[in-house]
Amino acid sequence: MIRQLTLLQADQTAAITPSADLVAWSRLGSSHAPADLKAALRDRSLVELQGMIRPAEDIALYTAEMAEWPGPGPLPDWREDTLKWIEANDKCRLDILHRLGSDGALPMRDLPDTCTVPWRSTGWTNNRNVSVLLGFMVRRGEVAMAGWRGRDRLWDLAERVYPDDPMVPVEHARRIRAERRLRALGIARAQGPACPVEPSDVGATGELAMVEGTRGMWRVDTAQLGQPFRGRVALLSPLDQLIFDRKRMTELFDFDYQLEMYKPVAKRRWGYWALPILDGDRLIGKLDAAADRTSSMLRVNAVHEDQPFSKTTAAAVHREIRALADWLGLDLLLPSRS
C-alpha cells in the first residue's frame, strides 16, 4: 500500500488515531493492524524521512540530493542565511554527530545544544536550536529518525538507519519520484506551489490533458484511463494524499475543506480533526468525531452533509463510522437527535 501511495505522513495527532494508521485503515479496512506499521518501522523495511514514512529502498532516490544540499547556486538570500547559521554552529553539529556515534539512538532532549548563534524566528522554532539543526542534518543525510521512545522521536546516524544502496543521480531520481507520484495520484499539475518536503506536481511526466470545469492543463497517468471503477464510501484522514494538495482537491472535487485544529473553537465550521467523506468519485461531507480513550468511546459530534444525503448514502456513511469504531475497539456514541 505504501509503495502504491509512495508515502504516509507520520503525523502523531491522535484525535482519532495517528494519521498514518487512519490512511491505512481507509484503504485496508479492519485488516490493518497498527502494530504491523510499527514493526515495519522497527525492522527498517519502512523508514521516516522528513516526517514521511517511505519504503526503505526509496531512500536511494534522495541520497544524491542530500549529498548536494542545499543544491546548486545561486541561492536565495534566505538559504544563504541558513548556510551561514549552520556554519556558525558547526561545533554543535559535530557534537551531535559525536554523541550519536558513541551512544546510539537518542531523543532530542539528550543531544547537546552548543550553538553559539541561536536560531531566530517569529514562529515556534525560535531558539529551538537542536530541533532546527537536526532538520538540516536530515536534509544533508547526516542523521535520521530512528524510532520512538514513548512519544519522543529517537535520532541516530543516517548510516545506521538507511540501507546502504547506491545513490541514484539527482535528475534521474527526481524523474522516478515524479512518475511514482503521478501513478499514485492519477492526475496532477505539471507545476505547483513549492512544498518543503514532498512536491505536489509531476513535471513532464504522463500525458497532457484538459479537465472540464478547470483552468490550465493537467498531467495524467494514461495507464489508468479506461480502467473499471467501483466506488465506495470511505472516511479519509485530513492528511490523505487524495486531498493533501488542497488546491488540487478544490479544482477536481469542488470540495470546501480546511484542517481546523489550529483555529479557535468558535471559528471552526467542521471540527478539530474532521474527516472528509468520500462517496465513489465525490467528496460529500465531513465527519467531526474524536476517540475518547478514557470512556472507550468514539464520540461523533456531527456529520456535516455538503448536500443532504440520500437514505442509501446516509446508511453507507453510518456503516463506515461503525466500522471505524469497531476497528478502534471503541463503543460508538452518536449525537442525540433533537
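What the table shows:
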{"quantity": "GluC sites (Glu not before Pro) restricted to DSSP loop in region 177-266 with at most 15 other C-beta within 10 Å", "calculated": "Glu212"}
{"quantity": "Tilt relative to the chain, helix 129-139 - C-alpha long axis, 0 to 90 degrees, to 10", "calculated": "80 degrees"}
{"quantity": "Region 258-334: relative contact order as a whole-number percent, Cα under 8 Å and 6+ apart", "calculated": "23 percent"}
{"quantity": "Most fluctuating residue given options Ile176, Ile284, Ile53, as computed from a GNM of the chain linking Cα atoms under 10 Å", "calculated": "Ile176"}
{"quantity": "Interchain or long-range residues, amide H under 5 Å from Trp273's placed H", "calculated": "Ala289"}
{"quantity": "Using a Förster distance of 30 Å, the FRET efficiency for Arg151-Arg319 (Cβ separation, nearest 0.05)", "calculated": "0.35"}
{"quantity": "Karplus-derived HN-Hα couplings along region 204-211 (A = 6.51, B = -1.76, C = 1.60, θ = phi - 60°), whole Hz, x at Gly and Pro", "calculated": "8, 5, x, 10, 5, 8, 10, 10"}
{"quantity": "Per residue solvent-accessible surface (Å²) - the chain, probe of 1.4 Å", "calculated": "55 Å²"}
{"quantity": "The chain - percent of accessible surface contributed by carbon and sulfur, probe 1.4 Å", "calculated": "51 percent"}
{"quantity": "³J(HN,Hα), Karplus 6.51/-1.76/1.60, whole Hz, each residue of region 266-273, x for Gly, Pro", "calculated": "5, 9, 7, 8, 10, x, 4, 9"}
{"quantity": "Spatial separation of Cα centroids for region 267-292 and region 236-253, in angstrom", "calculated": "12 Å"}
{"quantity": "Computed helical MRE - 222 nm, the chain, DSSP H runs ≥ 4 contributing -39500 (n - 2.57), nearest 500", "calculated": "-10000 deg cm²/dmol"}
{"quantity": "By accessible area with a 1.4 Å probe, ligands and nucleic acids excluded, highest first: order of Arg120, Arg79", "calculated": "Arg120, Arg79"}
{"quantity": "Only Lys, Arg (+1) and Asp, Glu (-1) charged, at Cβ; region 37-142 dipole about Cα centre in debye", "calculated": "320 debye"}
{"quantity": "Helix 170-185 axis, angle to the chain major axis (alpha carbon atoms, nearest 10°)", "calculated": "10 degrees"}
{"quantity": "Nearest 10 degrees, 0 to 90: helix 77-88 Cα axis against the chain principal axis", "calculated": "50 degrees"}
{"quantity": "Amide H contacts under 5 Å for Gly192, placed H, 5+ residues apart", "calculated": "Asp201"}
{"quantity": "Global geometry of region 34-121, whether rounded, prolate or oblate, following the gyration tensor of its Cα atoms and the 1.5 cut on a/c", "calculated": "oblate"}
{"quantity": "Solvent accessible area, Å² - Tyr272, 1.4 Å probe, full protein context", "calculated": "90 Å²"}
{"quantity": "Global form of region 249-338, assessed from the alpha-carbon gyration tensor, a/c cut-off 1.5", "calculated": "oblate"}
{"quantity": "Label corresponding to log10 I(q)/I(0) by the Debye sum over Cα atoms at q = 0.08, 0.09 Å⁻¹ when calculated from the structure given, among (i) -0.45, -0.58; (ii) -0.72, -0.81; (iii) -0.41, -0.51", "calculated": "(i)"}
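The values are calculated or read from the model by the stated rules, or taken from the named source; none is laboratory data. Just so you know, these numbers come straight off a predicted model, no measurement behind them. Please note: Cβ atoms are built from the backbone with ideal geometry, for glycine as well, and neighbour counts cover all protein chains shown. When the accessible area is computed, the model is the full protein with side chains, heavy atoms only, and any ligands, DNA or RNA have been set aside. Shrake-Rupley method; radii C 1.70, N 1.55, O 1.52, S 1.80 Å.
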